[in-house]
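Each remark here refers to the structure printed beneath this line.
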Amino acid sequence: MSQNDIFDREIVAPDAELARRAATLLGFDARYARVHDQLRLLMAADGLEKWSRKHHGSLMPIAGLVADQYPLVVFHGDVGTGKTVAAECIANRLLTEARSEDAVIFRLSNRVRGSGKVGEMTTLLAEALKRVVASIGKTRRAVLVIDEGDSIAASRSQEHSHHEDKVAVNTLIQGVDDLRRHKGRVVVILCTNRLSVLDPALLRRAAVVERFDRPDDAERRQLLERDLEGAGITAAQLDELVALTGPTAHAPGWTYSDFRSRFYPTAVAKAFPDAPLGFEHLRAAAGETTASRVMEDR
Ligand SMILES: Nc1ncnc2c1ncn2[C@@H]1O[C@H](COP(=O)(O)OP(=O)(O)O)[C@@H](O)[C@H]1O
Ligand SMILES: [Mg+2]
């Protein structure tokens, strides 16, 4: 594997496309505010010392301790609940607001764990961390998104965990420890479908742990209202769609990706190109769509 394959994407922030995508996500602003408030101290570690000296005339121990958090954020939840898109959009806004020049969002490739050759995952992970750190120089910022991080971050105590996996999680923990010296200029966002398999030592380091859920009734209504704007759907029809997409005795409610990646294309395909999109297409498509299985163990 060549070095270029370590990252799926390297996005220079601010990125207009990610800002545009953020605006299509339900609840994004509230989630961003929550994560940002928790990360602000971490990302402004230098500012803490100034703050302490200004208001207390000295560098208080508490300021040093608070600045010493680990720059690790964990996003967990079922497949399709929006972890990946939120990680990129939140990274983009954090970097945009920090006004750092040439900030980069790196997304670690799934191929890093793909080949299964002994030692390779660890080598590549170490190399990835090295490249992220190299990118920030003395003043810039970066966010590393580790998407579907289960196999890298899975607990070392799992029965079926292989030696290789244990070494990889050690490398990640060590890497997160080392990143503290950059005072919040590098933040790692790790996404997982299975919080319970994460190594406890890694989880303990997380400054922020955010759970992602399937949309509830109100959220599904809002999503449909927003996405179906212009289709002339009545309030009663909306009620019906909210009910059709909700949990039943046998199945969970739909995920965001069930709506956007499966339901909408199916519905539009029924109308396109000769007819306008109508409620009958939506209802028929809803009948053909089933909710994704619940993945996360709680
Ligand atoms: N908050 C949200 N509001 C609306 N759509 C969302 C939201 N979160 C995710 N989606 C949609 O769901 C799809 C899947 O999101 P993704 O980030 O890939 O989920 P995950 O990484 O949790 O599997 C995306 O196409 C996205 O447009
Ligand atoms: Mg994902």
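Does at least one position in the range 231-243 carry a residue that is closer than 15 Å to G287 by Cβ, surrounded by fewer than 18 Cβ atoms within 10 Å (Cβ to Cβ), in contact with a Phe, Trp or Tyr (Cβ under 9 Å, 6 or more places away or on another chain) and not hydrophobic (A, V, I, L, M, F, W, C)?
Yes, the range 231-243 has at least one match.
Go through (1) touching a helix residue (DSSP H, G or I) at 6+ places or on another chain (Cβ under 7 Å); (2) assigned by TED's automatic domain parsing to the domain that holds G119; (3) in contact (Cβ under 8 Å) with a residue 40 or more places away in the chain; (4) in a helix (DSSP H, G or I) for I189 and report which single condition fails.
(4)
Which of the following residues is within 16 Å of ligand 1 (Cβ to nearest atom), over 30 Å from E49 (Cβ atoms) and at pLDDT below 95: D150, D165?
The conditions single out D150.
Please enumerate the residues belonging to the range 135-189 that are among the aliphatic types (A, V, I, L, M) and within 23 Å of V12 (Cβ to Cβ).
Listed by number, the residues that qualify are I136, A142, V143, L144, V145, I146, L179, V186, V187, V188, I189.
Restricting attention to the range 248-298, and to residues there that are in contact with a Pro (Cβ under 6 Å, 6 or more places away or on another chain) and at pLDDT 95 or above, which single residue is surrounded by the fewest Cβ atoms within 10 Å (Cβ to Cβ)?
G253
Which pairs turn up if I take residues in the range 79-94 that are without any contact (Cβ under 8 Å) to a residue 12 or more places away in the chain and look for partners that are in a helix (DSSP H, G or I) and surrounded by fewer than 24 Cβ atoms within 10 Å (Cβ to Cβ) with beta carbon separation below 9 Å, at least 6 apart in sequence or on another chain?
Sorted first by the residue in the range 79-94, then by its partner, the list stays empty.
Could you figure out which of (1) modelled with pLDDT of 95 or more; (2) out of contact with any Leu (no Cβ under 7 Å at 6 or more places or on another chain) isn't true of T139?
Every condition holds for T139 apart from (1).
The values are calculated or read from the model by the stated rules, or taken from the named source; none is laboratory data. Here the structure is a predicted model, which is why all the values come from computation and not from measurement. Every residue, glycine among them, receives a Cβ derived from its backbone with ideal geometry; neighbour counts consider all protein chains shown.
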